[in-house]
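Student: Here it is, the structure, as structure tokens.
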Amino acid sequence: MLRVVVGFLPWIILAVLANRWFVPALLLALLASCIITAREIRRRSVKILDAVTFAFFLLVTIGILGFRWMALGIYMSLLVNLTLMAIAWGSLLIGVPFTIQYAREQVPPERWHAPLFIRINQYCTAVWGLDFTLAALIALYQHATGAQGFVVQYAWLFFLVCALLFTTYFPSWYRARALRSPGA
């Protein structure tokens, strides 16, 4: 669970700091993603989320600071959520839910290919995909209408907490439910 939060740390840094200090927040998020990815490379366990996060922050930083593509900054909340949405739904489509890479660190290798383990991670990744899809829709609404209300500004945080709680509690509940079923 904590590893998933660490994977999202660069995104959280950007979300929390960008409204006041956009460029420092972007650079700090890039630094965090660089450290996370470098650690994963040393451990030989680079995850989809970490690799895409590093690529995103590297490219956006180059685009904004190097080429002065300010549209990237203007539409940052939408770009962030579309990128995270692509990670979640894309990883499901290719058959490697991004949460499974974190879950494997806590489960013995002999259970990695168990249908129950895979199904739990498909559900968890789908919930994250829904989280990012809803956040992207709110960001799109915000850009289309100029809305700046509390709900529009902080809905992402509510969705994040919901996805974290789901990821924390769903696996054990679903596993217990599945094991109580006949023929489990």
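The values are calculated or read from the model by the stated rules, or taken from the named source; none is laboratory data. Everything numeric in this text was worked out from a predicted model, so none of it was measured. Glycine gets a Cβ as well: all are built from the backbone with ideal geometry, and neighbour counts include every protein chain shown. These area figures cover heavy atoms from the full protein model, side chains too; ligands, DNA and RNA do not enter into them. Shrake-Rupley method; radii C 1.70, N 1.55, O 1.52, S 1.80 Å.
Student: Just from its helices, what would the mean residue ellipticity at 222 nm be for the chain, if runs of 4 or more DSSP H residues each count -39500 (n - 2.57) and the sum is divided by every residue, rounded to the nearest 500 deg cm²/dmol?
Tutor: Working: 8 runs with 141 residues, N = 184.
Mean residue ellipticity, 222 nm, calculated: -26000 deg cm²/dmol.
Student: With +1 on the Cβ of every Lys and Arg and -1 on the Cβ of every Asp and Glu, and nothing else charged, how large is the dipole of the chain about its Cα centre, in debye rounded to the nearest 20? Kindly include the intermediate steps, with their values, before the conclusion.
Tutor: Working: 14 positive and 5 negative charges, 90 e Å.
That gives a dipole near 440 debye.
Student: Something else now. Pairs of Cα atoms under 8 Å, at least six residues apart: use those to get the relative contact order of the range 1-48, whole percent.
Tutor: Working: 26 pairs, mean separation 15.4, N = 48.
Reported relative contact order: 32 percent.
Student: How high is the relative contact order of the chain? Use alpha-carbon pairs under 8 Å, at least six apart in sequence, and give a whole percent.
Tutor: 18 percent
Student: Right, something else. Compute the Rg to Rh ratio over the chain from the alpha carbon atoms, using the Kirkwood formula for Rh, and round to two decimal places. Mind showing how you got there, number by number?
Tutor: Numbers: Rg = 17.5 Å, Rh = 17.4 Å.
Across the chain, the Cα-based Rg/Rh ratio is 1.01.
Student: Through the Karplus equation 6.51 cos²θ - 1.76 cosθ + 1.60, θ set to phi - 60°, convert the phi angles of the range 4-12 into ³J(HN,Hα) values in whole Hz; use x for Gly and Pro.
Tutor: 5, 4, 4, x, 8, 3, x, 5, 5
Student: Provide the per-residue ³J(HN,Hα) series for the range 167-172, in order, calculated from phi with Karplus coefficients 6.51, -1.76, 1.60 and θ = phi - 60°, each as a whole number of Hz, with x at glycine and proline positions.
Tutor: After applying 6.51 cos²θ - 1.76 cosθ + 1.60, I find 5, 6, 9, 4, x, 5 Hz.
Student: For the range 13-163, what is the accessible area per residue in Å², given a 1.4 Å probe and the full set of protein chains?
Tutor: Heavy-atom SASA per residue in the range 13-163 reads 55 Å².
Student: A further question follows. Starting from the range 28-108, pick out the chymotrypsin sites (Phe, Trp or Tyr not before Pro) whose DSSP state is loop and whose Cβ has at most 15 other Cβ atoms within 10 Å. If you can, show how the numbers build up before the last one.
Tutor: Numbers: sites: Phe54, Phe56, Phe57, Phe67, Trp69, Tyr75, Trp89, Phe98, Tyr102; in loops: Phe67, Trp69, Tyr75.
Loop-located and lightly packed - Phe67, Trp69, Tyr75.
Student: Report the longest stretch of the chain that contains none of the trypsin sites (Lys or Arg not before Pro) sitting in a DSSP loop with at most 13 other Cβ atoms within 10 Å.
Tutor: 69-184
Student: OK, next. Skipping prolines and chain starts, which residues have an amide H placed within reach, meaning under 5 Å, of the one on Trp69, given they are 5 or more residues away or on another chain?
Tutor: Distant-sequence amide H within range of Trp69: Ile64.
Student: Cα centroids of the range 151-181 and the range 81-146: how far apart, whole angstrom?
Tutor: Between the Cα centre of the range 151-181 and that of the range 81-146, the gap is 12 Å.
Student: Let me ask another. Calculate what fraction, in whole %, of the accessible area of the range 36-184 sits on carbon and sulfur atoms when a 1.4 Å probe is rolled over the protein chains. Write down the numbers at each step before the final one.
Tutor: Details: 5980 of 8580 Å².
Whole-percent figure for carbon plus sulfur exposure: 70.
Student: Tell me, what HN-Hα J-couplings in whole Hz come from the Karplus equation 6.51 cos²θ - 1.76 cosθ + 1.60 at θ = phi - 60° for each residue of the range 50-57, using x for Gly and Pro?
Tutor: 3J(HN,Hα) across the range 50-57, in whole Hz: 5, 5, 5, 4, 4, 4, 4, 5.
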